[in-house]
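I have placed the structure first, in the form of structure tokens, so that the comments after it can refer back to it.
Coordinate-derived values only; no laboratory data. Just so you know, these numbers come straight off a predicted model, no measurement behind them. Cβ: placed from backbone, ideal geometry, glycine included. Neighbour counts: every protein chain shown.
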Amino acid sequence: MRLNGLEDRIRTPLERLGDLLRGVRHEPRRLAGKQWSPLLYRRVNSDQDVGTGSSRRRSPRAGDRTVVSLGLLPENGRLYAEEVTSSGPRGVVGRVAEGEVLETHAAPIYLYKLTA
């Protein structure tokens, strides 16, 4: 997948086999191989109240999630969201923490940790 010049792609089995035979090693990509779900969120006490993004849960037992957004979220603010999964919509509530900005030529992409 390519978004604003950024790419996050898992190498195909044939590409991995070719790399193995040539002795080439690639660093694992941070976001590849994770299950992402669309997210519609509401920001509390913000000028912009509704936004969209993607969400990924770290593990089924952990409450922390990674959230990717095209809009700025208030640091340490509460986030109320609806995540769309293969089993249907699910409510997600958490506190925004550990923000990171990925600058692109078109617009920034925001990466956050959402804690329970």
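Assorted remarks:
- When you filter the GluC sites (Glu not before Pro) in segment 64-116 for DSSP loop state and at most 14 other Cβ atoms inside 10 Å of their Cβ, you are left with Glu75, Glu103.
- A Förster radius of 35 Å, combined with the Cβ-Cβ distance separating Glu103 from Thr12, puts the computed FRET efficiency at roughly 0.75.
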